[in-house]
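Colleague: Please read through the structure below; I'll follow up with questions.
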């Protein structure tokens, strides 16, 4: 009888120990997920592959909410199984995001280089138009365009420096803005020159 009671007691202790283990938050997995997300952010995954990065972040946030929800329950009824799955998903997504950054950077770099060339061409074309533009009473307007064009050139130079520093994402945005402004100035000049040419012909 005592042997049976002893075995029962041992069994209960084992079950309680198992339940107690399941009732503990998976802190090591939490730390691993946080570390993976931090590494992805340092690699600029949040800029270059935001979908993967945000998926990792969302999974981690959901896991922490689940951990908090389980933590509010009675110890022996806690179950961190779902939190564990979310944390593992967050770690995988963060690692995938970090791994995808290099290829995406090359893609963005190529786009930035293309915009860089297009913006430079647009600036040169605008300069040529400005040189051909009739001065006279419109000299003040041409001077204003010249000032704006100089600002575009300064922006292009700043974008080039950003490019050289390896921040292709920001450089792409700066070159895009420079191109849009240069094209706008070029169109403005073309329209004015065209109108003046038509007026001259009529006269």
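The values are calculated or read from the model by the stated rules, or taken from the named source; none is laboratory data. What you are looking at is a predicted structure, and each value in this text was computed from that prediction instead of being measured. Every residue, glycine among them, receives a Cβ derived from its backbone with ideal geometry; neighbour counts consider all protein chains shown.
Colleague: Quick check on the stretch 109-129. Is at least one of its residues farther than 30 Å from residue 185 by Cα and under 22 Å from the mean Cα position of the chain (by Cα)? Lay out the reasoning, then the answer.
Modeller: Of the stretch 109-129, the ones farther than 30 Å from residue 185 by Cα are none.
No, the stretch 109-129 contains no residue that is farther than 30 Å from residue 185 by Cα and under 22 Å from the mean Cα position of the chain (by Cα).
Colleague: Only one residue in 166, 81 is surrounded by fewer than 16 Cβ atoms within 10 Å (Cβ to Cβ) and on the phi > 0 side of the Ramachandran plot. Which one?
Modeller: Numbers: 81 fails: on the phi > 0 side of the Ramachandran plot.
Step by step, each of 166, 81 is checked, and only 166 is surrounded by fewer than 16 Cβ atoms within 10 Å (Cβ to Cβ) and on the phi > 0 side of the Ramachandran plot.
Colleague: For residue 99, indicate whether it is in a helix (DSSP H, G or I), in the same structural domain as residue 40 (by TED's automatic domain parsing) and more than 20 Å from the chain's Cα centre (by Cα). Write out each step before concluding.
Modeller: Working: in a helix (DSSP H, G or I): yes; in the same structural domain as residue 40 (by TED's automatic domain parsing): yes; more than 20 Å from the chain's Cα centre (by Cα): no.
Judged against the criteria, residue 99 is not a match.
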